[in-house]
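Report on the following structure.
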Amino acid sequence: MNYVREPVVAGMFYPGRAKELSGMISHMVAEGRAQPNVLPSPTGLILPHAGYAYSGKVAASGYTWLASRGRPEWAIILGTNHTGLGRPISIQRSGNWRTPLGVAPIMSELAGLLVERGFHVAKSAFAREHSVEVQLPFLQYLFGAEFPFVPICVKLPALDELMKAGEIIAQVLSESRGILIASSDFTHYQPQSVASRIDRKAIDRILSLDGEGFYNSLVTKRLSICGGGAITILIQAARVLGLDRTRLLSYGTSGDVTGDKSSVVGYAAIALGRENNDQ
């Protein structure tokens, strides 16, 4: 029987009922329903993965931008590894993931290509990890409940391992029209003024596609950007693919929602595309 992963944060990070979830996403993306045309070229996004009440509006700005450009054929979602389970870079090769909006299939052919080129299968990495899961309802709402995807869970291994992973993904994406998403929140539990300053420096490195500088800052300054490994992979893939038109779509913090700016988490939506595609 084909494996189905049940959601682990439905009813907590986002509504657990389909009608409520669809209504919430509809409100956040406003007029951002998908265009009928296919996405013209491979594209990258960095998006937050906190509860929708906190980071949903920032994430929605990224998905609204994506929908305005066209429908991707599939998504590779580079999640953060919060649990410590699995390999430094883990992939799930087959199966389905359920959300309240339906069951989304893993694109096993694409996942198989990545495994053939060196990615390691470790299904345990996804058992309790939410960072990939929270992206799926947005994709399903905009592009259909059975939208195909590949989940990858990333810790923070050595820079060369992340660079190699980015190059492999770029090879697979080069002739495609898929979306590569790095799921990450930014600075954690600092005063808003401090978090915003730290995040601005990190975002500037991302916008300039400085993967080495971004990674070195993570390590040497012990930044609390939880998806740093996923972002580093995305930067390298973007460099290889020529996704050098970068843009900060939205930035905010949990303090913007709660009003408590003494200890916040930062959220950013960043787009990476090609110069010849209108952004």
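The values are calculated or read from the model by the stated rules, or taken from the named source; none is laboratory data. From a predicted model like this one, the values you see are computed outputs, not experimental measurements. So basically every Cβ, Gly included, is an ideal-geometry build from the backbone, and we count neighbours across all protein chains shown. Accessible surface areas use protein heavy atoms only, side chains included; no ligands, DNA or RNA. Shrake-Rupley method; radii C 1.70, N 1.55, O 1.52, S 1.80 Å.
Some points to look at:
- Every residue from segment 220-240 that is in a helix (DSSP H, G or I) and either without any contact (Cβ under 8 Å) to a residue 60 or more places away in the chain or under 17 Å from Ile77 (Cβ atoms) (or both): Thr220, Gly228, Gly229, Ala230, Ile231, Thr232, Ile233, Leu234, Ile235, Gln236, Ala237, Ala238
- Residue satisfying all of: in segment 55-73; in contact with a helix residue (DSSP H, G or I) (Cβ under 7 Å, 6 or more places away or on another chain) and surrounded by fewer than 21 Cβ atoms within 10 Å (Cβ to Cβ); farthest from Leu110 (Cα to Cα) among these: Lys57
- Members of segment 263-272 found to be polar (S, T, N, Q) and not in a loop (DSSP other than H, G, I, E, B), listed by number: none
- Residue within segment 215-228 that is open to solvent by less than 40 Å² (accessible area, probe 1.4 Å), on the phi > 0 side of the Ramachandran plot, more than 14 Å from the chain's Cα centre (by Cα) and modelled with pLDDT of 95 or more present: no
- When restricted to residues that are under 17 Å from Asp244 (Cα atoms) and either open to solvent by less than 10 Å² (accessible area, probe 1.4 Å) or part of a helix (DSSP H, G or I) (or both), segment 158-185 contains 12.
- Subset of segment 124-150 [part of a helix (DSSP H, G or I) and either open to solvent by less than 10 Å² (accessible area, probe 1.4 Å) or of a type outside the set (Ser, Thr, Tyr) (or both)]: Ala125, Phe126, Glu133, Val134, Gln135, Leu136, Pro137, Phe138, Leu139, Gln140, Leu142, Phe143
- Selection count where residues are part of a loop (DSSP other than H, G, I, E, B) and modelled with pLDDT under 95, scope segment 19-51: 12
- Of all residues making up segment 259-279, the number that are open to solvent by 40 Å² or more (accessible area, probe 1.4 Å), in contact with a strand residue (DSSP E or B) (Cβ under 8 Å, 6 or more places away or on another chain) and of a type outside the set (Lys, Arg): 2
- Out of Asp199, Asp260, one residue alone is charged (D, E, K, R), under 26 Å from His130 (Cβ atoms), out of contact with any Ser or Thr (no Cβ under 6 Å at 6 or more places or on another chain) and not in a strand (DSSP E or B). It is Asp260.
- Residues (at negative phi and open to solvent by 20 Å² or more (accessible area, probe 1.4 Å)) located in segment 74-88: Asn81, His82, Thr83, Leu85, Arg87, Pro88
- Within segment 232-258, considering residues that are among the β-branched types (Val, Ile, Thr) and open to solvent by less than 70 Å² (accessible area, probe 1.4 Å), the one nearest to Cys153 (Cα to Cα): Ile233
- Flag for Leu248 being over 24 Å from His82 (Cβ atoms), assigned to a loop (DSSP other than H, G, I, E, B) and among the hydrophobic types (A, V, I, L, M, F, W, C): no
- Selection count, segment 186-231, where residues are charged (D, E, K, R) and more than 19 Å from Thr246 (Cβ to Cβ): 3
- Filtered residues of segment 237-265 (kept if within 24 Å of Ile89 (Cβ to Cβ) and either under 15 Å from the mean Cα position of the chain (by Cα) or of a type in the set (Lys, Arg) (or both)): Ala237, Ala238, Arg239
- Members of segment 202-219 found to be in contact with a Lys or Arg (Cβ under 6 Å, 6 or more places away or on another chain) and part of a loop (DSSP other than H, G, I, E, B), listed by number: Leu209
- Single residue of segment 84-106 satisfying the filter (closer than 23 Å to Ala158 by Cβ and among the hydrophobic types (A, V, I, L, M, F, W, C)) that is modelled with the lowest pLDDT: Leu85
- Within segment 79-93, considering residues that are touching a Phe, Trp or Tyr at 6+ places or on another chain (Cβ under 9 Å) and of a type in the set (Gly, Ala, Ser), the one nearest to Val115 (Cα to Cα): Ser90
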